[in-house]
Structures are given as C-alpha cells and as structure tokens.
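The values are calculated or read from the model by the stated rules, or taken from the named source; none is laboratory data. All values reported here derive from a predicted model rather than from experimental measurement. Cβ placement follows ideal geometry from the backbone for every residue including glycine, while neighbour counts extend to all protein chains displayed.
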Amino acid sequence: MKIWSAILTGISELMAHKLRSLLTMLGVIFGIASVIAMVSIGAGARQEALEQIRLLGVDVVHINRKSLTGDLALKAQQDSPQGLTYGDALALKKFYSSAQRVVPVCRVFGEVRARGQGVPSKVFGTTADYPIVARLDITEGRFIDEHDVESRAHVCVIGSEIKRTAFFLENATGRTLKIGNQEFVVIGVMEERSLAGGRKVVSLRDINEDIYIPITAAMDEFQIYVEQAIPSDYRTFRQLLARLRERPPLEKRPITQIILQVGDQRETWEAARVASRMLEQRHKGIVDYEVAIPAELLRQSQQTQRIFNIVMGAIASISLVVGGIGIMNIMLATVSARAREIGIRRCVGASRADIARQFLLECLVITSIGGLLGIALGVEMARLISGYAKWRTIVSGQAILLSLIVAMTTGIVFGLYPAVRAAKIEPMEALRAE
Amino acid sequence: MSHDGRVVVTEDLKKDYLAGAVTVHALRGVSVDIDQGEMVAIMGPSGSGKTTLLNLLGCVDRPSGGHYWLEGEDVSQMGDRALSRMRNEKIGFVFQTFNLLPRLNAADNVRLPLLYSYHRRPRQAPLEALKRVGLADRAHHRPSQLSGGEQQRVAIARALVMQPTILLADEPTGNLDSRSGEEIMLVFQRLNREGMTILIVTHDSNVAQHTSRIVHVFDGQITSDGPVERRLLAEEVLRSMPKRGAESE
Ligand SMILES: Nc1ncnc2c1ncn2[C@@H]1O[C@H](COP(=O)(O)OP(=O)(O)OP(=O)(O)O)[C@@H](O)[C@H]1O
Ligand SMILES: [Mg+2]
C-alpha cells in the first residue's frame, strides 16, 4: 500500500472522530508543550546569565574588601588594620606583569547636590582604565584620565540617570556638582546601560546612578565607605572611627575593590591564584578580601543549567511516556473496533505488513499533529511566561525540530504494539463477527 | 504446471480447527476442479464446511493438508505476502453482509483493492466497474444512502475492479429480498456470460438453479457434483415478478 494513501486514511480516521482524536493527542500535546516551554525558559536563562556575566567581563578578576568579625577582626587590628588598600593595587600593578590592567575602586560617602537639590547616587573613586575593565562607554565628554588622577583633579563623570535627574537631559559637561562640600566639574556622561529584567545570576547594581571621580581625589577628600561590621564594644569602635579619620599616605588608605584584567579568560584562574598569594603575604595571612572570578560564575551557572536540563528532561519524558501509553490504549481499542475494516482490507489484498504499516502511520499522524499543536501551545506558554513572570524565554528552531522528532518517535514506539495486534487479526473471523 | 483452462484444482484439501481441546475437521479431503467460465453453486447444510472451503479457495486461509492450484500456481504453501497478492489480483470476494467501509463512498469502496495493487490500474477503473453493475450514477453515495441490493452491487464492483480470475460469493442474496436477490443473480449471470468464473455458496436451491453446476457438501466432504438441468434465467424470473412497490399488495 502506498504510504500516502495510508496517511490520508489516517487523517480521515482522525477527522471522523474529532473529539476522540483530540483526547488521544492530549498527552502528547502537553508533553511537547512542556518540552518547548522548558527548553525556551532554559535557553532564556542561559542567555541572560551569559549577558549578565559578560557585563562583568570574563577576563577579569575582582578582589573585594571583606569585613571580618569576632576574633578574626581583633587579629586583623594588629596585622592588617586597613584591609584592602590602594597600596595593594599599586603592588599588583608593579609586580604582577601578566595583568594588563589593575584598576582600584573606592566608594566614598558624600551627599551629592545639583542646583541645591539632592541627587540619589553612589560615588566611586577610580582610575582611567575603569571604563575598559567595566565595559562601559562614554556618550558625552571624556572619562577621567591619568592626569586627573595625578593632579587629584575635582572632576567627575556621571551616569545617565544622574544627568536626567540633575540636568534634565541638558548638556551636562562643564556643569558642576556638589559632592559633600566639594565642587566637581562634570567632564563626561556614561552611556545608559539597561538591565534586562528577570532572574539575576549575579547582582548588578544600577550603574546609571554612579558618579566617578579620580581615586586620588576620593581618598584625599572623603571618608572611605567601608563595609565593616560595627564593633560591639565601645573601645574598638572608637579605634575604628579614629583610623578612618587618620590621614596616612595614599598607599595605606583603604579601598573597596581592585579589578584585575588579564586579557584572556583562560588566565583568570591563574591570575586569581597569583593575586591571592601576593595579598596573603601583604596582609600577613589575614584574609580580609575575597577574590571573585566572573568566568567562574559563568561556569557555575552552566552547571546549574545542566541540572535544570536533567530535571526538565525527566519531566518531559514522563509526560511523553504517559501520553504515549494513552495513545497506545486508544489505538488498541481502535484496532478491535475496526476489526471488520481490517478484515475487508485483508480480503481485497492487504498483507499483514500493510495493515501494520497503516496503523503505525495513523499513530504517527496523531502524534505529529499532537506534536505540532503542542509546539504551538508551548510557544504560547513561553510567551505568557515571559509576559507575566518577566523571565526571558528563547524559542529556538532546534527545540521545535527536536520536539517534533520526539513526538514522532513516541508515535512509533507506542504505535508498534497496536499495529502488530492489528496485523494479527484473522480476516474471516473479523468478518464473521457481527 | 499448465492449467489447461482449469482455474481451480484442489487435491484432498483438508482443514482442521483447534477449538480448545477438540479438533474440528471442517474439511475432510475435498478434490474439486473448476473450469474457466463456469458458474458453480456450493450447497450443503449449516456447518458442513462451505465457508471453510471458500476461504481456502479465496486464499484467506491455508489448508491443513492437501493441495490447491490457482491458475496452475500452488497456493497451499504460499506466505502472507504472496497470498495477499493472490487475493488482490485473482480473487474477487462478495459477502452476505456486503462488507463495505461505511465512511467511504461507492467509488472509494470500489477503489480499495487498487490501494494494495502492485500494478497501475487505469484511473477510471472503479467507475467502469460501477458501470458494469449499473451503479455509475451512485458513485458518490455512501453505503448508508444505498439499498441492500445496491450495496451488494457496489461490493460486486469492488470484486471486479482488479479483473480477477474468479468471483467467490458467500450467500450473496442471504440478506436481500427476493427481487433484489434476483437482480444480483442477473448481474452474476451477465458477468458469467462475459466469461467470468463464479463460485456461489448458498442454502437457497432457487439461487443454485441459476448456476450451471451444483456441488453438494456434507460434513466436510463432497457428496455430489453435477450440472444443472433446467437453468433459471434471471431476466425471465424478474419479468414474471411483480414490479417493485407492488410487492406489498
Ligand atoms: N475459526 C474456527 N474455529 C473453530 N471452528 C471453526 C472455525 N471456523 C469454522 N469452524 C467449524 O468448522 C465447521 C464448518 O464451518 P463453516 O463455517 O465452513 O460452515 P458452513 O458450511 O459455512 O455453515 P453455514 O452454512 O452456517 O455458513 C463448523 O463446524 C464450524 O463450527
Ligand atoms: Mg458459511
């Protein structure tokens, strides 16, 4: 029998029992829909993680100040009273030659005002290389340069949100901002960076409210913002305040972060190791800093993704097996109900193989149509999920093709037994039965 | 083996059925020859093995013993594919209960054997076959829209569409009133006159009188086999019958 006429028979059989066909397909429809929905959620999450981590840069190492508590804090008073310092950054730059760039960052306190109005913002002192390692662009003016750092210039570069709130989108360069009680001239505006909504793999702050000033000016003019646990006893608290108010040479001043760029993702782990060893020596074994590698976060998020994939695959296979058993069940019922038809076809020349092929193809038609409906439902589900849960979803052609193949395989696997049963029907016995 | 115009040759054909623990000897050695162009009736009481014989001759079942040559080919040892091909190309079945597919119209029912054919048949073959049974104008009607006699004629058209060697009919008039039955016999006699070999299983001696030869079967064996002396002609019988619609008076 020609394949095509068997398919047509299958389709007309489906059309003759629309409700039954739909019920038969239900398992496959939902199985495939969940495959599509889950694959697209997974793909969206992966893409998002990648993008977020790329914003941090995959060829950098972050060294962050870490506050200590309890006995460790007491010990640190002796051996490494300043925590992470500007001197650490200078040392890294000087002695670690594989580092392409070493950028110190320190957050400072200070109320920011423009035209007498308070502007919500975060102020950071840093150096000329910051936009490169942080992957930021300037839309207006320029960033801080080496000369500004050397001369402790009172200049600043502002985030796009600051420009919006302080200067109402007018030209900002050349205007002045008041940080604390110092005047700073705006020399540039950073490009706006939109943060994609959704689940965060790494926490990214809203950099559009940042203000950058030369790190030297920051250390010179402001109290350094130090995230440190407030000591519980009064004496240590006094010591801490006194130390923060001290004016030691710049190298001894605390900073909040050092960003190390090595230029190649594969070297980040080595760089982290080397930097850790250097800092360990300088801090006399007190680990009052943490070394973070965004590329490592990427690896971890991929690992999480793998687990998600396994769980997802398990759920999808269970629903497809359940759907497949449903199809098999109904096909078996159909085979008995259509015994007379089978007998007639056998009498006019159909072989057992012809009958088996016909039922297998009918099953394939059911699961293919079910698969297509499932894909449509899955795409719609993905769309709703991104609409309501604000999760990004990506429906790939690959996922669609894969689910269609899975649906058809389900049809073949679970159609096999009913097809064999149909082929075994004895034509004359089937025709005798009234 | 050349068949010399003998379409069917059987030799000591046996068929046993296993029904639980007991073996039913449905056929106990049947040897019969049927020549090209014959119209034969098989008669016998219920359970005598008529249908069993017809199934063997129609290649839907294999004998437990003996031999069967269809147009000189030994069918008794053929596998499923070869047997299916035999049914498709050489056999035309007509049943008591018509056995049309209810969802297909007349033309599609007649086309059914073509789906399983190894040879291309002309596109209009189903329509030609319907024309031969006088139902060309009902090609697009479904079985439920046809009378019993019309359904049986569609079934005959389906049996004819592959131009088979032999027509096998099991009680073809059993479910019809006498006039529709007579019309079916008219179709059979016409086909026979055109050269078709026809085998009809029947209880009805009136039907048997339309054929040229009657074979009696009893308890799985042939008890008598002879020509029909005063053959009935369906045209004449129909002429003597009351017109349709007048029957109830
Ligand atoms: N599939 C089967 N399994 C077991 N026994 C069977 C089977 N088919 C037929 N028989 C037996 O074989 C014998 C012959 O049956 P068959 O159907 O050939 O009779 P028949 O002459 O056609 O009868 P009828 O005139 O009632 O149609 C019967 O005794 C029947 O019970
Ligand atoms: Mg019978």
Of B:Ala41, B:Ala21, the only residue that is more than 8 Å from ligand 1 (Cβ to nearest atom), at pLDDT 95 or above and more than 14 Å from chain A (Cβ to nearest Cβ) is B:Ala41
Looking across segment A:405-420 at residues that are surrounded by fewer than 19 Cβ atoms within 10 Å (Cβ to Cβ) and touching a residue at least 60 places away in the same chain (Cβ under 8 Å), the single one that is nearest to B:Val60 (Cα to Cα) is A:Val420
Selection over segment B:206-220 where residues are more than 16 Å from ligand 2 (Cβ to nearest atom) and surrounded by fewer than 21 Cβ atoms within 10 Å (Cβ to Cβ) yields a count of 5
Subset of segment B:163-176, residues touching a residue at least 60 places away in the same chain (Cβ under 8 Å), surrounded by fewer than 20 Cβ atoms within 10 Å (Cβ to Cβ) and away from ligand 2 (no atom under 16 Å from the Cβ), comes to B:Thr165
query = With respect to B:Glu194, is the statement that it is free of Cβ contacts under 8 Å to residues at least 12 places away in the same chain, under 27 Å from B:Leu127 (Cα atoms) and away from ligand 1 (no atom under 16 Å from the Cβ) true?
reply = yes
Checked segment B:41-80 for anything within 10 Å of ligand 2 (Cβ to nearest atom), within 17 Å of B:Asp225 (Cα to Cα) and more than 17 Å from the chain's Cα centre (by Cα); matches are B:Ser48
Worksheet item: Quick one: is B:Ile200 among the hydrophobic types (A, V, I, L, M, F, W, C), within 11 Å of the chain's Cα centre (by Cα) and away from ligand 2 (no atom under 13 Å from the Cβ)?
Response: no
Considering residues that are of a type in the set (A, V, I, L, M, F, W, C) and farther than 15 Å from B:Pro63 by Cβ, the number found within segment B:3-18 is 1
Being buried (at least 23 other Cβ atoms within 10 Å of the Cβ) and away from every other protein chain (no Cβ under 13 Å) narrows B:Leu130, B:Leu100, B:Leu160 down to just B:Leu130
Filtering segment B:96-118 down to residues that are farther than 18 Å from A:Ile3 by Cβ and in a loop (DSSP other than H, G, I, E, B) yields B:Gln96, B:Thr97, B:Phe98, B:Asn99, B:Leu100, B:Leu101, B:Pro102, B:Arg103, B:Leu104, B:Asn105
Quick check on segment B:141-153. Is at least one of its residues away from chain A (no Cβ under 13 Å) and either within 16 Å of ligand 1 (Cβ to nearest atom) or without any contact (Cβ under 8 Å) to a residue 12 or more places away in the chain (or both)? yes
Subset of segment A:32-63, residues surrounded by fewer than 24 Cβ atoms within 10 Å (Cβ to Cβ) and either of a type in the set (Val, Ile, Thr) or within 26 Å of A:Val274 (Cβ to Cβ) (or both), comes to A:Ile41, A:Ile53, A:Arg54, A:Leu55, A:Leu56, A:Gly57, A:Val58, A:Asp59, A:His62
In segment B:24-38, residues that are away from ligand 1 (no atom under 12 Å from the Cβ) and in contact (Cβ under 8 Å) with a residue 40 or more places away in the chain total 8
Every listed condition ((1) away from chain A (no Cβ under 14 Å); (2) β-branched (Val, Ile, Thr); (3) away from ligand 1 (no atom under 16 Å from the Cβ); (4) within 22 Å of B:Ser31 (Cα to Cα)) holds for B:Ile200 save (3)
The number of residues in segment A:304-352 that are among the small types (Gly, Ala, Ser), in a helix (DSSP H, G or I) and within 14 Å of chain B (Cβ to nearest Cβ) is 3
When segment B:44-66 is checked residue by residue, the ones that are more than 9 Å from ligand 1 (Cβ to nearest atom) and among the hydrophobic types (A, V, I, L, M, F, W, C) are B:Leu56, B:Leu57, B:Cys59, B:Val60
The number of residues in segment B:1-23 that are assigned to a strand (DSSP E or B) and either more than 21 Å from B:Phe188 (Cβ to Cβ) or among the charged types (D, E, K, R) (or both) is 14
* Test: residue in segment B:176-189 that is assigned to a loop (DSSP other than H, G, I, E, B) and within 16 Å of ligand 1 (Cβ to nearest atom) -> no
Within segment A:401-431, of all residues that are assigned to a helix (DSSP H, G or I) and within 16 Å of ligand 2 (Cβ to nearest atom), the one nearest to B:Lys50 (Cα to Cα) is A:Met428
The condition from (1) aliphatic (A, V, I, L, M); (2) within 9 Å of chain A (Cβ to nearest Cβ); (3) closer than 22 Å to B:His67 by Cβ that B:Met78 misses is numbered (2)
Among A:Ala382, A:Ala353, the single one that is more than 16 Å from ligand 2 (Cβ to nearest atom), in contact (Cβ under 8 Å) with a residue 40 or more places away in the chain, surrounded by 20 or more Cβ atoms within 10 Å (Cβ to Cβ) and in the same structural domain as A:Ser12 (by TED's automatic domain parsing) is A:Ala382
